[in-house]
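The next block holds one structure in the form of structure tokens; read it before the comments.
The values are calculated or read from the model by the stated rules, or taken from the named source; none is laboratory data. Since this is a predicted model, take the numbers as computed values, not measurements. Virtual Cβ from ideal backbone geometry, glycine too; neighbours counted across all protein chains shown. Just the protein is used for accessible areas: all its heavy atoms, side chains included, with ligands, DNA and RNA removed. Shrake-Rupley method; radii C 1.70, N 1.55, O 1.52, S 1.80 Å.
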Amino acid sequence: MAVFAVGSLLPAQVLPLERHAAAEEPVSPVPEPRLEDPLKVLLGERLFGDTRLSLGNSRSCSSCHDLGSNGATGGARDKALDGADLPLNTSTVFNAALSFRLNWEGGFRTLEDQAQALIENPRIMGGSIDDAVGKLKLDPEMVGRFRAAFGRDPDAAGLLEALAAFQRSLLTPGSRFDRWLGGDTAALSDEEIDGYRQFKSLGCASCHQGVNVGGNLFKRHGIFHPLASPEPAVLRVPSLRNVATTPPYFHDGSASTLDVAVRKMARAQLNSELTDRQAEVIVAFLRTLTGEFRDRPVEESRVGGSR
């Protein structure tokens, strides 16, 4: 999703292509993942793909968060256990650990709390932590992995800690924009730099800034004009990292392309009708925010589902 910003309506300034000073920019580069206990990370990765965390062993975390593509899936909504559409578009798991709150409404402060809530949500995983632990205790391999990582048999605390450790490893550094921030002035084209200037001067960066280009405050949407589904009215501003890979956009998945999302955001949040050129260069800038996971660029999902 792309809820860009409520901010200044000043037109973008036409500036010379001076050498930038990264310390003065509102966006900072994605860091390399912090050092974690590798045994806990590996265990968390196994648990992330383990269907035993769900009711009837029917789905895993990776069912809605495909790490081979965009960290989510590719449609407007994922499906609940009963086959109905879930109420909100699924956010990518990539770089989620860099946000100050988690999920669209910012209801969770820690990855552990969010993991437990999703496992026990009757519409999403439908399981329980105790049931999952009971299943894992029957698997000698998983018992061995827990003992190696934690020095004890599977338990609720270890399960959640391992999942969180793995998710903290899901950062995507190495975007062209981050290389530009690091001093590689050839990493961006003139058009992309112009898009970044427009992004700042229009006010988008007042909400989308910091390491995650968002994810660090709450904002009401539809300030001047309706944007998408009216509820929830207040959202955690989403990260724009890898945004070019995560269509469709907004909390209801109603914007099919990045161009549509950018234009709708400008109108709804800034009361501004972008010119074709403004929309074009801002989209070009946003495409430079695509990073790498395991030495490969993050890619758009090719299958149905939700982002």
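Would you check which residues across region 190-235 are of a type in the set (G, A, S) and open to solvent by 50 Å² or more (accessible area, probe 1.4 Å) and list them?
Once the filter is applied, which keeps residues that are of a type in the set (G, A, S) and open to solvent by 50 Å² or more (accessible area, probe 1.4 Å), region 190-235 yields only S206.
Select from region 100-124 the residues that are assigned to a loop (DSSP other than H, G, I, E, B) and more than 20 Å from A228 (Cβ to Cβ) and list them in ascending order.
Answer for region 100-124, where residues must be assigned to a loop (DSSP other than H, G, I, E, B) and more than 20 Å from A228 (Cβ to Cβ): F100, R109, T110, N121, P122, R123, I124.
Return the pair list, or none, for Cβ contacts closer than 7 Å from residues in region 76-93 that are farther than 19 Å from T257 by Cβ to residues that are among the small types (G, A, S) and not in a loop (DSSP other than H, G, I, E, B), at least 6 apart or on different chains.
D78/S306
Mind telling me which of the residues G68, G56 ends up being farther than 20 Å from T288 by Cα and at pLDDT 95 or above?
Just one listed residue meets the conditions, G56.
Go through region 265-281 and count every residue that is in a helix (DSSP H, G or I) and either open to solvent by 20 Å² or more (accessible area, probe 1.4 Å) or in contact (Cβ under 8 Å) with a residue 24 or more places away in the chain (or both).
Counting residues in region 265-281 that are in a helix (DSSP H, G or I) and either open to solvent by 20 Å² or more (accessible area, probe 1.4 Å) or in contact (Cβ under 8 Å) with a residue 24 or more places away in the chain (or both) gives 11.
With the requirement that a residue be open to solvent by less than 20 Å² (accessible area, probe 1.4 Å) and aromatic (F, W, Y), what does region 99-145 give you?
Correct list: W104 only.
Residue by residue, here is whether (1) free of Cβ contacts under 8 Å to residues at least 60 places away in the same chain; (2) under 21 Å from P238 (Cβ atoms); (3) not in a loop (DSSP other than H, G, I, E, B) holds:
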{"residue": "F166", "(1), (2), (3)": "no, no, yes"}
{"residue": "F177", "(1), (2), (3)": "no, yes, yes"}
{"residue": "Q198", "(1), (2), (3)": "no, yes, yes"}
{"residue": "N212", "(1), (2), (3)": "no, yes, no"}
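Any residue in region 27-40 that is under 26 Å from S201 (Cα atoms) sitting within a Cβ distance under 7 Å of a residue that is open to solvent by 50 Å² or more (accessible area, probe 1.4 Å)? List the pairs, counting only those 6 or more apart or interchain.
That search, which allows pairs on different chains as well, returns P29/G182.
Take the residues of region 218-264 that are in a helix (DSSP H, G or I) and not hydrophobic (A, V, I, L, M, F, W, C): which is nearest to P297 (Cα to Cα)?
My answer is T245.
Looking only at region 179-189, count every residue that is within 21 Å of N242 (Cβ to Cβ), open to solvent by 20 Å² or more (accessible area, probe 1.4 Å) and not in a helix (DSSP H, G or I) and tell me the total.
Residues that pass the stated criteria total 3.
How many residues does region 146-164 contain that are open to solvent by less than 40 Å² (accessible area, probe 1.4 Å), farther than 23 Å from E105 by Cα and part of a helix (DSSP H, G or I)?
Residues that pass the stated criteria total 7.
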